[in-house]
Every structure is written in structure tokens, then in C-alpha cells.
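The values are calculated or read from the model by the stated rules, or taken from the named source; none is laboratory data. Bear in mind that the values here come from a model prediction, so they are computed numbers and not experimental data. Note: ideal-geometry Cβ built from the backbone for every residue, glycine included; neighbour counts use all protein chains shown.
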Amino acid sequence: MSRQYHVDGELVDRADATVHVEDRGFRYGDAAFETCRAYGGRVFLWDRHRDRLAATCETLGMAGAVPHDLRERVDATLVANDLREAYVRVSVTRGVQPGKLTPERDVDPTVVVYAESLPRGGTAGDPIWDGPATVRSVGTRRIPDDALPVDAKTHNYLNGILARIELRGSDADESLMCDSDGYVAEGATSNVFFLDAGTLKTPERGTILPGITREAVLEAAERIGVPVETGRYTVDDVANAAEAFLTNTTWELRPLGRLDGTAIGGGPVTARLRAAYDELVDRRCYTG
Ligand code: PMP
């Protein structure tokens, strides 16, 4: 069966799933997107993803671009591809506009939904799932909020791409970016947490994409009684931690095995948080 994409309201075969060459998402990265996970056929924390997508569209001056039936389009894409455990990507671009850089007020967005199989617990044999992350702090600085609002999840991933290119020639698979002041911000596609004297710490908002997984982990920590602090931290703070892990929708909680050659890894608190996260997935997606 050929993979089905959902493009502008229609399910189409992969070979026919195309976007116009004048689409602003292609020309300028002028688009919002979300990456979600489906478990048991249900998209996990959908409302939060939809709200962040809508907020990104608003930041980009195209409020209202998210179609009202987006959830149905996502569900239809899962069904058409016979997927229950899946990685789902939703993009909303400013669409095809004939002019140059200045966007027109009227927006006819291009909306693409893509889904592929991703078993719960990950894909066996893939190092992302089989082992902890090997991380390097890189020279590329996180784009600051006053250049491109950090809360927005846009198609502009050049910052993270440059950070990942810096890993070439090393065994690292995630980059740790600092903000313009030299404090730890986030990974190219992940938020970072570490444990210091029993307190779970993570960089505060303002220089990071506020990840939906980060938020769920902070809530889980509160539920199970792990003290939490958000603030500004150095790379050494993370490297000297008792435990550390990365979060994103795809990886969930991924132990941070090594940072710049220093071994860290998960531990009992990471395991408890992981269990609390798994329990949330069970409750939201597999029961009721
Ligand atoms: N930071 C960046 C730069 C990311 O690309 C991602 C992945 N979306 C995250 C953090 C984690 O966000 P989430 O938990 O919402 O996937």
C-alpha cells in the first residue's frame, strides 16, 4: 500500500503529494508545524499541539490558518495508513502567494498531514531507541526570542540544522545549544533536564521552545513529588549532574548518556519520571 498524505483536505498517494513551487513554506520557511505521537490510534496531548500550532500561526500573522477539521484530517491519515502507533507531522504554510517577501493579509494555507509507523518504545535496532543520547555542546547559539519568537514552532530549523552539522566527525547525536549569554538553552530538537541534589532542573522559558513533553514531565514531577526548578544553567551544571535526560514528543524521555565526553546517564529519578509519563500515555490513549 502506498503511503497516504493528507494535502489540503484530500488524502493522496505519496507520489501525488506535492506542494506548489511558489508556496511560501518552500520559499521562505514561512510555516508552522507540529510533530505528534499517536498511541493506540489516538494522538497524545492533541489539544496542546493544536493550541501551539494555532499560537505559532498567530505569531506569524496568520491567525485562523489552522483548519477547524485538522483533528479529523489527522485521524483520517492514521486510518488511511493503517497506523495506531505513529509519528505524525502537521504543517500549515502561508500558502502560495505571487508576491515577494511581504506576505499578503489574505491567507489560503497549505495544510499537510504526514504519518509513519513508530511503535511505542521505539524502533528496535535504531540507536535513538536502543541507547542513551550522546550530546555535544556546540558553538551555534540558539536564535534569541527577539529575533524569532522562541515559543513558535516554525519551519525555520536552520538553527538546529547548523547545530547538528557541527556534530559531523563526532559520535554525538544531539547538539546542546546555549543562548546568546552562554547559558544552556536546548538541543536541536529537544529540551534538556538534569538532576542536582534531588532537584529536577531545566532551562526556564525565554530561550527555548517550550516543549509539550517538557511541560508533561514538569507536571509529572509535581505529581510524584520530585522538586523542580527552572532557571539559567551552564553546560558544566549539566555535565556534573547525577542524572540527565532529553525530552521531545518523538523520543519522550531519553537519558543523556554523555555530554562532551563526560558520562552522565539516567537513574532512579529519570526512571520514575519515565514511568509517570508512560502512565499518562496509558491513561490518555489506551484506556476509556
Ligand atoms: N526544542 C526544539 C528546538 C524542538 O524542535 C523540539 C521538538 N519539537 C523540542 C524542543 C521538544 O518539543 P516537544 O516536546 O513539544 O516535542
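Failed condition for GLY29, given (1) under 20 Å from THR250 (Cα atoms); (2) touching a strand residue (DSSP E or B) at 6+ places or on another chain (Cβ under 9 Å), with all others met? The failed condition is (1). Summed over region 189-212, the residues that are surrounded by fewer than 22 Cβ atoms within 10 Å (Cβ to Cβ), within 25 Å of ALA163 (Cβ to Cβ) and either among the polar types (S, T, N, Q) or at pLDDT below 95 (or both) give a count of 1.
Tell me which residues, restricted to region 168-186, are touching a Ser or Thr at 6+ places or on another chain (Cβ under 6 Å) and more than 21 Å from LYS201 (Cβ to Cβ). If the condition is that a residue be touching a Ser or Thr at 6+ places or on another chain (Cβ under 6 Å) and more than 21 Å from LYS201 (Cβ to Cβ), then ASP171, ALA172, ASP173 are the ones that fit.
Of the residues SER91, SER2, the single one that is part of a loop (DSSP other than H, G, I, E, B) and either buried (at least 18 other Cβ atoms within 10 Å of the Cβ) or without any contact (Cβ under 8 Å) to a residue 24 or more places away in the chain (or both) is SER2.
Could you run through region 229-249 and say how many residues are within 18 Å of the chain's Cα centre (by Cα) and either surrounded by fewer than 19 Cβ atoms within 10 Å (Cβ to Cβ) or of a type in the set (D, E, K, R) (or both)? Matching residues across region 229-249 total 0.
For region 178-203, a residue qualifies if it is over 17 Å from GLY257 (Cα atoms) and within 15 Å of the chain's Cα centre (by Cα), and exactly one does: ALA185.
So that you can scan it fast, the table gives a plain yes or no per residue for (1) without any contact (Cβ under 8 Å) to a residue 40 or more places away in the chain; (2) polar (S, T, N, Q); (3) within 30 Å of VAL90 (Cα to Cα):
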| residue | (1), (2), (3) |
| --- | --- |
| ALA216 | no, no, yes |
| GLU229 | yes, no, no |
| THR250 | no, yes, yes |
| THR270 | no, yes, yes |
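Scanning region 256-270 turns up no residue that is charged (D, E, K, R) and either in a helix (DSSP H, G or I) or within 16 Å of the ligand (Cβ to nearest atom) (or both). Restricting attention to region 153-166, the residues that are within 11 Å of the ligand (Cβ to nearest atom) and touching a helix residue (DSSP H, G or I) at 6+ places or on another chain (Cβ under 9 Å) add up to 3.
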